[in-house]
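Undergrad: I'd like to ask you about the structure that follows.
The values are calculated or read from the model by the stated rules, or taken from the named source; none is laboratory data. Everything quoted here is computed from the prediction, not taken from an experiment. Positions of Cβ are backbone-derived with ideal geometry, glycine not excepted, and every protein chain shown enters the neighbour counts.
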Amino acid sequence: MPIGDQFSQPVTSFRGRSLPEPAVLTGYAALTHRYALKLPLPSRLAAITARHHPRSTPAWLLLTPRHQPDPTLAGELVFALKWEGVDLAVLAALFKSVPAGEIAAIVRATPTGGFARRIWFLYEWLTGRELDVDPPGKVRTVAVVDPGLQVAAERATPSPRHRVADNLPGTRRFCPMVRRTPAIDAAVAVRYDRRAREVLGRVHGDLVARAAAFLLLNDSKSSFAIEGERPSGARAARWAEAIGEAGTQRLTLAELERLQRIVIGDARFVPLGLRREGGFVGSHDRLTKEPIPDHVSARPQDLQDLVAGIVDYAERALAGGVDAVSAAAVIAFGFVYVHPFVDGNGRLHRWLIHQVLAAAGYNPPGLVFPVSAAILRRLEDYRRVLESYSAPLRSFIDWRATEDGNVEVLNETADYYRYFDATPHAEFLYEAVAQTVERDLPDEVRFLEAFDRFASGLQEVVEMPNRQIERLRGFLEQGSGRLSKRARDQEFAALTDAEVERVENLYARCFGPPASPLTSPEG
């Protein structure tokens, strides 16, 4: 069936997203427009320009007139799978709008075709309904996901009925997809897991253990800081211990609930376990007390299934050899969008990153990548990534305010949390992992090596217990290599002027020369 002449005219914007130049919508953009599908747009769409050398952007894949598909449902679907990959969010909404007979007709038209069999499989996978289609016979098996376009499982599950290899990274309950972008391909090629092992391979085991302990506690404190909290030392240590155990246990709802109890601590005023009411992230109007959501969470009646989907995804992705960082991004950000608990979701969301990387053997044994510290340094970028999906999602959720200032969702929303485009999230997490491997890990190793030289050299100046050595180093760091008058008059009044000079020179040799007046904290 033709999609319609209205799609043959070039447009300059689509649903508020400007095109780089006038172009005809095609693929998922055309299908979304034609069938009025209600869903957030994928992070990248496709269109056909009149020029033969168009310039694509991160938001638009622009192709030439020779790539223009037939303006039919079949033509646009084949184009989408060929050039844009598998967008389960669009396909799930489309298959609810299109009669099953139309999809069956597409398959019957080319029963042995690879694209037709992929469409057939995806229809039945998403809807749970079988099409009235004859077996394709002896044909070459094709992968459901093109691994050149999207992150997919390396070990696929055969589907004899469709003669396809199911290499989707997740299950129907939960399967966000990640496109292969230049940034992701470059990060995968670096192999940060190997890079981290190379850094640590040159370091004594005792130093590695000390670095790991510091990075673990730093990650715990950073995770609380992202939420605007300053936990007690004991609470930060308890959460650090939980982070350190990531990857040692199978991911389950019971494990998530156990971790929530650790995160919350005093749970007298916080209902534990899956939410039994609506949820949102945002604020309230000062006068009316009505909710002002920045993000609307999944409905309580969908939580059991969605969390089970996240658990299934973790198991399938790890068993299938899905890229570990991309899988961690999908699981962690998917969890925080679902927001299954009343409180503790943010810290559990970041714990899930550790869980997936550790379970995949990505980080060196005994060492946690302090991704929360990297996120804390780039808090605005982190929020932008979170809002890249949550902000447009708000427009598609119908809700009303409840008497207690909460929200009640009125429409079906589960698929919005199952099938979002997680490409920006994977790119961001790879940047955070790169910082931990290229900056945090080497910096901590260098610091410990310098501290050991400082402590050893200090014993030749004056004998001092380790606690005082650390305190002295802290004062010197605050003074850019110089001991302040206050420290000399009080905490370290016992040091002579000659000893202070030797200590400051030792600090400079170990940690670098003092800052110049132009770059000092006072300047």
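Undergrad: Please go through segment 274-302 and pick out each residue that is within 23 Å of the chain's Cα centre (by Cα) and on the phi > 0 side of the Ramachandran plot.
TA: Selection gives G282 alone.
Undergrad: Please state which one of E130, E154 is acidic (D, E), within 22 Å of the chain's Cα centre (by Cα) and in a loop (DSSP other than H, G, I, E, B).
TA: Result: E154 is the single residue among E130, E154 that is acidic (D, E), within 22 Å of the chain's Cα centre (by Cα) and in a loop (DSSP other than H, G, I, E, B).
Undergrad: Looking only at segment 374-383, decide whether some residue is buried (at least 22 other Cβ atoms within 10 Å of the Cβ) and under 15 Å from A329 (Cα atoms).
TA: yes
Undergrad: Condition test on G137, is it surrounded by fewer than 20 Cβ atoms within 10 Å (Cβ to Cβ), modelled with pLDDT of 95 or more and outside the structural domain of Y419 (by TED's automatic domain parsing)?
TA: Judged against the criteria, G137 is not a match.
Undergrad: From the list T110, T141, T127, which one is without any contact (Cβ under 8 Å) to a residue 24 or more places away in the chain and among the β-branched types (V, I, T)?
TA: Within the list T110, T141, T127, the selection yields T110.
Undergrad: May I ask you to say which residue of A189, A209, A225 is out of contact with any Leu (no Cβ under 7 Å at 6 or more places or on another chain), surrounded by fewer than 19 Cβ atoms within 10 Å (Cβ to Cβ), of a type in the set (A, V, I, L, M) and within 30 Å of F451 (Cβ to Cβ)?
TA: Just a single option satisfies the conditions, and that option is A209.
Undergrad: Inspect segment 416-427 for any residue being in a helix (DSSP H, G or I), among the aliphatic types (A, V, I, L, M) and in the same structural domain as A324 (by TED's automatic domain parsing) and give the result as yes or no.
TA: yes
Undergrad: Taking helices (runs of 4 or more DSSP H) that do not extend beyond segment 172-282, which have at least 1 residues that are closer than 28 Å to S390 by Cα?
TA: Counting at least 1 such residues, we get 182-190, 205-226, 233-244, 253-264.
Undergrad: Quick check on P136: is it part of a loop (DSSP other than H, G, I, E, B) and touching a His at 6+ places or on another chain (Cβ under 9 Å)?
TA: Against the criterion (part of a loop (DSSP other than H, G, I, E, B) and touching a His at 6+ places or on another chain (Cβ under 9 Å)), P136 qualifies.
Undergrad: Filter segment 425-442 for residues that are surrounded by fewer than 22 Cβ atoms within 10 Å (Cβ to Cβ) and among the small types (G, A, S) and give the result.
TA: Passing the criteria: only A434.
Undergrad: Now, a different point. So which of L287, L306, L253, L217 ends up being out of contact with any Pro (no Cβ under 6 Å at 6 or more places or on another chain), closer than 22 Å to F396 by Cα and of a type outside the set (K, R)?
TA: L306
Undergrad: Please work out which one of (1) under 30 Å from the mean Cα position of the chain (by Cα); (2) in a helix (DSSP H, G or I); (3) surrounded by fewer than 19 Cβ atoms within 10 Å (Cβ to Cβ) is the condition S56 fails and give its number.
TA: Just one mismatch for S56, condition (2).
Undergrad: Given the structure, is V461 touching a Lys or Arg at 6+ places or on another chain (Cβ under 8 Å), in contact (Cβ under 8 Å) with a residue 12 or more places away in the chain and assigned to a loop (DSSP other than H, G, I, E, B)?
TA: yes
Undergrad: Across segment 266-312, what is the total count of residues that are surrounded by 13 or more Cβ atoms within 10 Å (Cβ to Cβ), more than 22 Å from Y417 (Cβ to Cβ) and among the β-branched types (V, I, T)?
TA: 1
Undergrad: Within segment 303-399, which helices (runs of 4 or more DSSP H) (wholly inside it) include 1 or more residues that are of a type in the set (S, T, N, Q), under 22 Å from F174 (Cβ atoms) and in contact with a helix residue (DSSP H, G or I) (Cβ under 7 Å, 6 or more places away or on another chain)?
TA: 324-338, 345-359, 379-393
Undergrad: Given the criterion in contact with a helix residue (DSSP H, G or I) (Cβ under 6 Å, 6 or more places away or on another chain) and either modelled with pLDDT of 95 or more or assigned by TED's automatic domain parsing to the domain that holds W120 (or both), identify the matching residue among S43, S13, S18.
TA: Residue meeting the stated conditions: S43.
Undergrad: With (1) surrounded by 14 or more Cβ atoms within 10 Å (Cβ to Cβ); (2) more than 32 Å from the chain's Cα centre (by Cα) as the list, and F95 as the residue in question, which single condition is left unmet?
TA: Among (1) surrounded by 14 or more Cβ atoms within 10 Å (Cβ to Cβ); (2) more than 32 Å from the chain's Cα centre (by Cα), the lone unmet condition for F95 is (2).
Undergrad: Does segment 131-145 hold any residues that are farther than 17 Å from I103 by Cα and not charged (D, E, K, R), and which are they?
TA: G137, V139, T141, V142, A143, V145, listed by residue number.
Each row is one residue, and each column tells you yes or no for (1) over 18 Å from the mean Cα position of the chain (by Cα); (2) farther than 16 Å from D294 by Cα; (3) among the aromatic types (F, W, Y).
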site	(1), (2), (3)
L357	no, yes, no
Y362	no, yes, yes
P392	no, no, no
S395	yes, no, no
D404	yes, yes, no
Y419	no, yes, yes
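Undergrad: Of all residues in segment 143-179, count the ones that are over 19 Å from Y419 (Cα atoms) and of a type in the set (S, T, Y).
TA: Qualifying residue count for the region: 2.
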